[in-house]
Each structure stands twice: as structure tokens, then as C-alpha cells.
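Participant: Take this structure first; my questions come after.
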Amino acid sequence: MAGYIVEDTRKVTTHRLVEMKRNGKKIAMLTSYDYSMAQLVDAAGVDIILVGDSASNMMAGNVTTLPITIDQMIYHARSVVRGTQRALVVCDMPFGTYQVDPQDAARNAVRIMQETGCDALKLEGGIEILPAVKLILDAGIPVCGHLGLTPQSINKFGTYAVRAKDEQEAEKLRTDALALAEAGCFAIVLEKIPAALATEVTKSVNIPTISIGAGGGCDGQVLVVHDMLGMNKGFSPKFLRRYADLYSVITDAVGNYVADVKSGDFPNANEQY
Ligand code: KIV
């Protein structure tokens, strides 16, 4: 079986991720929202498991990430932590829990850390959320930034198209990245921005950048696990590489089960007491 052999089996820490950047070692990150998937993803050697607020889409069937609540994120993150041994577990702070009031943000961050046992939090945005980021860091909680396409702001953007194509937005992104790194974030996710800009930002900061649709010049890559496993047929952006066709595997298996039950073939004499 092809795959990746994990040489360093110690629990991944934020410090080791920064070290990986320094040593030119790429970082592999995937989402998970539940215990069973986290066990598989962790066993396969992923460095960071993101309990993304994309759980809103993938688990609950919402159109956007906005409806997911802090209680729901805590439930998902706690389940992932139980299934993870090696990877660093990062939980998204959901929409509305950090944008309004920095003090509130710090209280919500502490609650997520306490109730889930996760290792770090991710927040979307730059300068505008810096006071919240700083208070959370002051509380001793590692923070991962998220710039470029930030899905919690979809109603402001109006589209999921590539961000920072014009110079004004690109310049703001450069400034935001430097501010997050200077504040003490341990990594920054760069979503759906031009590869040249992501490469430039990666060179300008001393913390890892993790790309989703931001090209190969970043220090690592992240994908939504259901997308890379081919579980949903309807989503095929340019940046997505599918490593399996689980949609067909699962529907074939379930179809065969239904047929066997209907025909009376299952269970047979050896499958009963
Ligand atoms: O919620 C999520 O899955 C994310 C990734 C797309 C980076 O934030």
C-alpha cells in the first residue's frame, strides 16, 4: 500500500511546525469533524487536523459556514481530540464568537480550549481582528490566522472567487500577514489567492503558511477531507486533487447491501446465531 511513513511519531506542537518551515519540511493538514475520521487521518500521518467550521457544510448541510454554533464546534472538536494521538488539533472559532468584542473573543477561546482539549484555534481576518487575536494569545492559546478567501465573510464578498487579485487587496493581505506573524500567531492559512502572492507572503513571514488554493509556494497544504476523498460529487474547484472516489465506493457498497437484503441473500446461514 502506498502512503507516507511517519518518521517522527511525537505529538506535533506549534513549535515543531515553525521548525518544519525553517527546515524546509512541508506540512500536511486536513479537516476532520468526528472521532472515526480523526483516527484515520491521524494514523495516515497528517501533521495538523483542522476541526473546520466547514463542518457547517459537510456535517450539517448548510450552504455557508455562518450557522454553526460554538456548542456544535465544541462537540465536533471534542470528538476529534478523542480520535487523535499525533496530529496538532486546531479548532475554528465560529462566526460571531470573536468579531464583535475582543474580551468576548478571549472568553469564547478559553471555553473552546477547556471543553475540547484541542491544541490551538483558527480565526479568520487580519488587522480588524488583531485585538482579539492578541488577547487570545495573551491567554496562552496558540492562534492560526486565516487570510484571503475567508468564508465567514461570504456575505460581504458576495462570491467564492479568488481573492487579492488587485493590488489594493494584495497589499492589505501582505500587511495582515505580517501583523498576525508579529502578534505571535504560529501559522496562517492562505485561501484562494494567486500563487505568486502566497509565495511572496510565505517568504516574508517566519511562521508557516498553509495553502488551500494558494499554490505550492506555501509551507503546507490543507484540504477538506470529504473533498479529497471524493465523497461529494458537486464540488470541483481547480485546487482540489481527489485521492479517492468514496462516493462510488460507498454508494456501490450500500447498493449491494440493499440488494442482498431485498433478495434475502443477507444474512446467510453463517451470519446468524
Ligand atoms: O473550515 C475549513 O474547512 C477551513 C479550511 C477550508 C481551511 O477553514
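What follows is calculated from the coordinates using simple rules that are stated; it is not laboratory data. Only a predicted model underlies this, so the values are computations on that prediction, with no experimental measurement involved. Cβ coordinates were reconstructed from backbone atoms using ideal geometry, including for glycine residues, and neighbour counts include every protein chain displayed.
Participant: How much net charge surrounds residue 179 when only other residues with a Cβ under 15 Å from its Cβ are counted (Lys, Arg +1; Asp, Glu -1)?
Facilitator: Within the 15 Å Cβ shell, the charges total -2.
Participant: How many angstrom lie between the C-alpha centres of the range 9-35 and the range 141-171?
Facilitator: Centre-to-centre (Cα) distance: 23 Å.
Participant: If the only charges are +1 at each Lys and Arg Cβ and -1 at each Asp and Glu Cβ, what is the size of the charge dipole of the chain around the Cα centre, to the nearest 20 debye?
Facilitator: Result for the chain is approximately 440 debye, rounded to the nearest 20.
Participant: Defining a contact as two alpha carbons under 8 Å apart and six or more residues distant in sequence, what relative contact order in percent does the chain show?
Facilitator: For the chain, the relative contact order is 15 percent.
Participant: I'd like the Karplus ³J(HN,Hα) series for the range 145-150: coefficients 6.51, -1.76, 1.60, θ = phi - 60°, whole numbers in Hz, and an x wherever there's a Gly or Pro.
Facilitator: Ordered by residue, 3J(HN,Hα) equals x, 8, 10, x, 6, 10 Hz.
Participant: Got the relative contact order for the range 188-235 handy, in percent, Cα pairs under 8 Å and 6 or more residues apart?
Facilitator: Taking the mean separation of contacting Cα pairs over the length of the range 188-235, I get 33 percent.
Participant: For the residues 226, 146, 15, 76, what sequence is obtained by ranking on other C-beta atoms within 10 Å, fewest first?
Facilitator: Least to most surrounded, the residues fall as 15, 226, 76, 146.
Participant: Putting +1 on Lys and Arg Cβ atoms and -1 on Asp and Glu Cβ atoms, find which of 133, 39, 20 reaches farthest to the positive end of the dipole of the chain.
Facilitator: Farthest along the dipole direction, towards plus: 20.
Participant: For a footprinting-style exposure proxy, rank 273, 35, 257, 98 by other Cβ within 10 Å, fewest first.
Facilitator: Listed from fewest to most nearby Cβ atoms, that is 273, 257, 35, 98.
Participant: So how do 199, 65 line up by other beta-carbon neighbours within 10 Å, fewest first?
Facilitator: With the fewest neighbours first, 199, 65 line up as 199, 65.
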